[in-house]
1. Quick check, is Y188 under 25 Å from E42 (Cα atoms), buried (at least 16 other Cβ atoms within 10 Å of the Cβ) and in contact (Cβ under 8 Å) with a residue 12 or more places away in the chain?
2. Assess whether A185 counts as being out of contact with any Cys (no Cβ under 8 Å at 6 or more places or on another chain), of a type in the set (G, A, S) and part of a helix (DSSP H, G or I).
3. Please find, within region 241-269, the residue that is farthest from L4 (Cα to Cα) out of those that are among the small types (G, A, S) and either crowded, with 18+ Cβ neighbours inside 10 Å or touching an Asp or Glu at 6+ places or on another chain (Cβ under 8 Å) (or both).
4. Does L60 qualify as being under 13 Å from L162 (Cα atoms) and either hydroxyl-bearing (S, T, Y) or modelled with pLDDT of 90 or more (or both)?
5. Among the residues that make up region 212-220, is at least one of them under 19 Å from G54 (Cα atoms) and either surrounded by fewer than 17 Cβ atoms within 10 Å (Cβ to Cβ) or without any contact (Cβ under 8 Å) to a residue 40 or more places away in the chain (or both)?
6. Of the residues I160, I193, which is in contact with a Leu (Cβ under 9 Å, 6 or more places away or on another chain) and either free of Cβ contacts under 8 Å to residues at least 24 places away in the same chain or surrounded by 15 or more Cβ atoms within 10 Å (Cβ to Cβ) (or both)?
7. From the list A39, A32, A67, which one is surrounded by 15 or more Cβ atoms within 10 Å (Cβ to Cβ) and closer than 30 Å to D118 by Cβ?
8. For region 161-178, indicate whether the set of residues that are out of contact with any helix residue (DSSP H, G or I) (no Cβ under 8 Å at 6 or more places or on another chain), of a type outside the set (D, E, K, R) and more than 26 Å from T35 (Cα to Cα) is non-empty.
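The values are calculated or read from the model by the stated rules, or taken from the named source; none is laboratory data. Just so you know, these numbers come straight off a predicted model, no measurement behind them. We place every Cβ from the backbone using ideal geometry, glycine too, and count neighbours over all the protein chains shown.
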Amino acid sequence: MLYLNHFGLTEMPFGITPDTSFTYSGQCHQEALNTLMLALTEGEGFVKICGEVGTGKTLLCRRMLQALDDGWVTAYLPNPNFDADTLFLALAEELGIKDPARSDQYHLLREINHVLLDLARARKRVVVLIDEAQAMPLETLEALRLLSNLETEKRKLLQIVLFGQPELDERLNRPEIRQLRQRIAFHYRLQGIRKREIGNYVAHRLRVAGYRGEGLFSKNALRALHRASGGTPRLVNILAHKALMAVFGEGRQMAKVRHVRLARNDTEGAHRVGWLWG
């Protein structure tokens, strides 16, 4: 691809698909990962991670999966917008229970409990990761509380991590599910990339993509990139990619403020106040 050859890249540096090979351990994401690992170590039943669209919740979930050793059994539910019965079926399938659809909810819950007890005897710990948890119906959230009741005298048989947008907090504040809210022992709110980190973030992604030259963004362009994106990683990637496309179109080698401005004008959700000119 001419774009890659022009900048000396081996792959696209600013894709928006979560890719752990491009992970940049900024302060916020590292704190969130540390919170998750601490919560799992202490055996707490529920953990909640909230963040706006594009702040990297799915990437954080994948980083967590990579960080867990073979002492853990994981169940990942990426789209939980289903009823309580389907939640139990999905979890049963993730745990390897054969033909779970033949059982009613009561017997299926018993089967899940038996499997979890067997795993506990084998010194295996179980964590359920639920992405986009803000989409869960209230009855399904309440079903999660029933799952969290599965325990021995010593500890919970499974732990549950909820990843969701801020709307998840609104759901959890409903009086009908206050018992679930009270069981969330650890929580963290993801923020965007800090202003002082934007240069390192961009340089890191370029380096992973094969770039070995001097910086492709001027200092002012980096400041403009942070301002236009508000530090939201997904927006940073979209704007940086469009800015480099504009640079490539001109046959140049460095992104300036005007290239970021062009990208901003072409991007829904980009910030337009307090703009840097130059």
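1. On the way: under 25 Å from E42 (Cα atoms): yes; buried (at least 16 other Cβ atoms within 10 Å of the Cβ): yes; in contact (Cβ under 8 Å) with a residue 12 or more places away in the chain: yes.
Judged against the criteria, Y188 is a match.
2. Working: out of contact with any Cys (no Cβ under 8 Å at 6 or more places or on another chain): yes; of a type in the set (G, A, S): yes; part of a helix (DSSP H, G or I): no.
Criteria not met by A185.
3. From region 241-269, those among the small types (G, A, S) are 243, 246, 249, 251, 255, 263, 269; that's our starting set.
Remaining after also requiring either crowded, with 18+ Cβ neighbours inside 10 Å or touching an Asp or Glu at 6+ places or on another chain (Cβ under 8 Å) (or both): 243, 246, 255, 263.
Working: A243: 14, A246: 13, A255: 15, A263: 18 Å.
By that ranking, first place goes to A263.
4. On the way: under 13 Å from L162 (Cα atoms): yes; either hydroxyl-bearing (S, T, Y) or modelled with pLDDT of 90 or more (or both): yes.
In short, yes.
5. From region 212-220, those under 19 Å from G54 (Cα atoms) are none; that's our starting set.
No, region 212-220 contains no residue that is under 19 Å from G54 (Cα atoms) and either surrounded by fewer than 17 Cβ atoms within 10 Å (Cβ to Cβ) or without any contact (Cβ under 8 Å) to a residue 40 or more places away in the chain (or both).
6. Values: I193 fails: in contact with a Leu (Cβ under 9 Å, 6 or more places away or on another chain).
The unique qualifying residue is I160.
7. Details: A32 fails: closer than 30 Å to D118 by Cβ; A67 fails: surrounded by 15 or more Cβ atoms within 10 Å (Cβ to Cβ).
The conditions single out A39.
8. Within region 161-178 (the criterion being out of contact with any helix residue (DSSP H, G or I) (no Cβ under 8 Å at 6 or more places or on another chain), of a type outside the set (D, E, K, R) and more than 26 Å from T35 (Cα to Cα)), the answer is yes, since at least one residue qualifies.
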